[in-house]
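A short write-up of the structure that comes next.
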Amino acid sequence: MNPVLEALNFRHACKQFEPGREIPEETLREIMACAHLSPSSFGLEPWKFLVIRDDALRQRLRPACWNQAQITDSSAVVVILARSETLKAGQEYVRQGFARKGLDESQMETALARFQGHQESEVLPRMSLYAWASKQCYIALANILSAAASVGVDSCPIEGFEKQAVDEVLELEKTDFETAVVVALGYRAGEQTPRYRYDFDSIVEFR
Ligand SMILES: Cc1cc2nc3c(=O)[nH]c(=O)nc-3n(C[C@H](O)[C@H](O)[C@H](O)COP(=O)(O)O)c2cc1C
């Protein structure tokens, strides 16, 4: 079988992790290397990944995440943080993002103008910069889920949290970041819940 499909068949949203079973450091780093390689709009990498293994911090995070047991029973919790205001056209972070590509002055001007035009006509009329960055964070989330599954590590994506409370626990107030989404990683305890999917042909349309 295609190894990606095989990994995706293994993956499910793990509700019950085996407490105390740790993901080896090297495996965790490999999973995060897959997050790090995720694509992003204009290559701006509008994220940061907090890998939290510390038990005390996870205990404090849990009430902010609907008290979900995966936060403390898993081996590690990855909080994917999204940039917001630093992604606005004209901001230094944006300029640096383009500058590292080795563009000359006129190429820089063209790239920055295209970025600004796209942001003003396509992004901001529809969503906040936080929402735009978060959409991209979910690509990294998918890569984490798939990478973990490919090495037999279970995961649970978690959107069931109070954002403000999570931001406070992680002391994000004075940073450039806000919480986008959370993912718990570890090893399943026992049988998993059945998988439900609508029929392939009702979801996938070829034209
Ligand atoms: C963005 C997102 C947020 C989710 N949040 C939670 C959550 O907070 N708690 C939870 O137990 N499952 C959560 N899930 C898991 C979904 O319930 C699960 O993916 C869905 O029911 C399909 O099941 P499967 O992933 O096992 O195939 C989330 C999934 C996604 C993609």
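Since every read-out is calculated from the coordinates, none of them should be taken as a lab result. Bear in mind that the values here come from a model prediction, so they are computed numbers and not experimental data. No Cβ is skipped: glycine too gets one built from the backbone with ideal geometry, and neighbour counts run over all protein chains shown.
Things worth noting here:
- When residues in segment 37-89 are screened for being within 19 Å of TYR138 (Cα to Cα) and among the small types (Gly, Ala, Ser), 7 of them pass.
Okay, residues lined up against (1) touching a strand residue (DSSP E or B) at 6+ places or on another chain (Cβ under 9 Å); (2) in a strand (DSSP E or B); (3) more than 18 Å from VAL183 (Cβ to Cβ); (4) within 16 Å of the ligand (Cβ to nearest atom):
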| residue | (1), (2), (3), (4) |
| --- | --- |
| ILE31 | yes, no, no, no |
| CYS34 | no, no, no, no |
| LYS48 | yes, yes, no, no |
| ARG58 | yes, no, no, yes |
| GLY90 | no, no, yes, no |
| GLY97 | no, no, yes, no |
| MET108 | no, no, yes, no |
| LEU112 | no, no, yes, no |
| GLN116 | no, no, yes, no |
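- Options VAL183, VAL169; residue that is within 15 Å of the ligand (Cβ to nearest atom) and either touching a residue at least 12 places away in the same chain (Cβ under 8 Å) or over 19 Å from the mean Cα position of the chain (by Cα) (or both): VAL183
- Which listed residue, of PHE177, PHE200, is more than 14 Å from the ligand (Cβ to nearest atom) and touching a residue at least 60 places away in the same chain (Cβ under 8 Å): PHE177
- Whichever residue in segment 60-74 is outside any helix (DSSP H, G or I) and not hydroxyl-bearing (Ser, Thr, Tyr) and, among such residues, is farthest from the ligand (Cβ to nearest atom): ASN67
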